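Worksheet: the structure to be examined is printed underneath.
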Amino acid sequence: MIKDTFSIEDLLEIFVSGGIVMLGAWYLNRAALFEYFPAIAQDVNSMGDSKLGGKAVVFVILVMFAGVIITHIFDAVLPLIIENHRIRRTKGLIIKKLFSYALLIVSAPTMRDPRAIAIERYLNSNRKDWFLKMVQAWAHSDERRLVSYDEKIVVHQHIVNRLRVYSEDSRKVLLESYQQMSFAGSIFIAILLLLPFTLIAFWAQSFVDTTKYKIYSYTQLMFFATAIWLFSVISCYSLKRRARNFYSQVVTIAMHFYDQSTTAQKIDS
C-alpha cells in the first residue's frame, strides 16, 4: 500500500465504506436477523424499551472493522478491473484470474492499464526527452526497454516509490493524489460487497417465520440486486477514472520533483 500514515480522510473513508456494507447487509437481511439474532438486530427489547445505546457501540465497531478490511483489500482489487497482462497470462494466478473474470459483470469494458498509458503518453509527447532523463535517473531504464509492458509497470512503480522517499513534500503530494483514488475504490468495494448479501437474503428469507416478520418479495430483492449492480458499475467507472488520473499525475509530479533534484545538485556542485 502507498499509505503508511493515518489521517482524517482515512477515518472518513473507513466509516463511509464500512457503513455502506453494514447498513446494507442489515437492511437486506433484517427479517432473518430479527428472528435469529434479536439481541443484536432489534432496536427495542420485549418490554418496548430502547436498546440503541449499546448497539450503537457494536455498530461502530463493526463499521470500523468492515471499513479497515475494505481499505486494506483495495490494492488487491484494483489490478483485477484493468487489463493487467501479467495476471491474464501467468499460470500460477488462477484465483486472481477467476476473480478478474467475475468482476467483468461490473467492470466491463476493461480499461487499459493506466500505468502503461501514463508512460506511453510521455513517450509520444514533446516532453519525451525530459521524461526519459527522469526515467534514466530514477528508474535506470531507457526508451528501448520501455517497449515492454512489464518494464513500463516496473518503471512506474519506481517513480511512485521515489516520490515516497524523495522528500516530505513529494510524499505528501503523492498521498493527497492517492487519497482520491483510494476513496473511490473503497466505495466501489463496499457497494460490490452488497451483491453477495443480496444473494444471501434470497436464501435466508426461506427460514423466517412470515407470521412474525415481514419479508421482501422476490421482486423487491431483484430490484435491490439490480440497483446494487447499477451502482457498482457506476462506482467502478468512477474508480477507473480516478486511477487513470492518479497514475498520470504521478508521472507529471515526479518530473517536477526530478527537476527540483537536478537543480539542487547543480547548486551544490
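The values are calculated or read from the model by the stated rules, or taken from the named source; none is laboratory data. These figures come from a predicted structure and were not determined experimentally. Cβ atoms come from the backbone with ideal geometry, glycine included; neighbour counts cover every protein chain shown. These area figures cover heavy atoms from the full protein model, side chains too; ligands, DNA and RNA do not enter into them. Shrake-Rupley method; radii C 1.70, N 1.55, O 1.52, S 1.80 Å.
Odds and ends about this structure:
- Selection of first residues in region 161-184 that are under 13 Å from I253 (Cβ atoms) and of second residues that are among the hydroxyl-bearing types (S, T, Y) and not in a helix (DSSP H, G or I), restricted to Cβ pairs under 8 Å at least 6 apart or on distinct chains, gives the following pairs, ordered by first then second residue: L175/T5.
- Remark: R162 matches the filter, which requires a residue to be open to solvent by 50 Å² or more (accessible area, probe 1.4 Å) and in a helix (DSSP H, G or I).
- Any hit, region 222-229, residues being in a loop (DSSP other than H, G, I, E, B) and free of Cβ contacts under 8 Å to residues at least 60 places away in the same chain: no
- Scanning region 213-252 for residues that are among the aromatic types (F, W, Y), within 20 Å of S182 (Cα to Cα) and open to solvent by 90 Å² or more (accessible area, probe 1.4 Å) yields F231, Y237.
- Some residue of region 190-212 being open to solvent by 20 Å² or more (accessible area, probe 1.4 Å), in a loop (DSSP other than H, G, I, E, B) and in contact (Cβ under 8 Å) with a residue 40 or more places away in the chain: yes
- Some residue of region 231-245 being aliphatic (A, V, I, L, M), part of a loop (DSSP other than H, G, I, E, B) and farther than 30 Å from Y166 by Cβ: no
- Residue match in region 207-220 (condition: on the phi < 0 side of the Ramachandran plot and either within 20 Å of the chain's Cα centre (by Cα) or modelled with pLDDT of 95 or more (or both)): no
- Being at pLDDT below 95 and touching a helix residue (DSSP H, G or I) at 6+ places or on another chain (Cβ under 6 Å) holds for only one residue in A108, A116, and it is A116.
- Index of the failed condition, Y216 passing every other in (1) farther than 30 Å from I70 by Cα; (2) not in a helix (DSSP H, G or I): (1)
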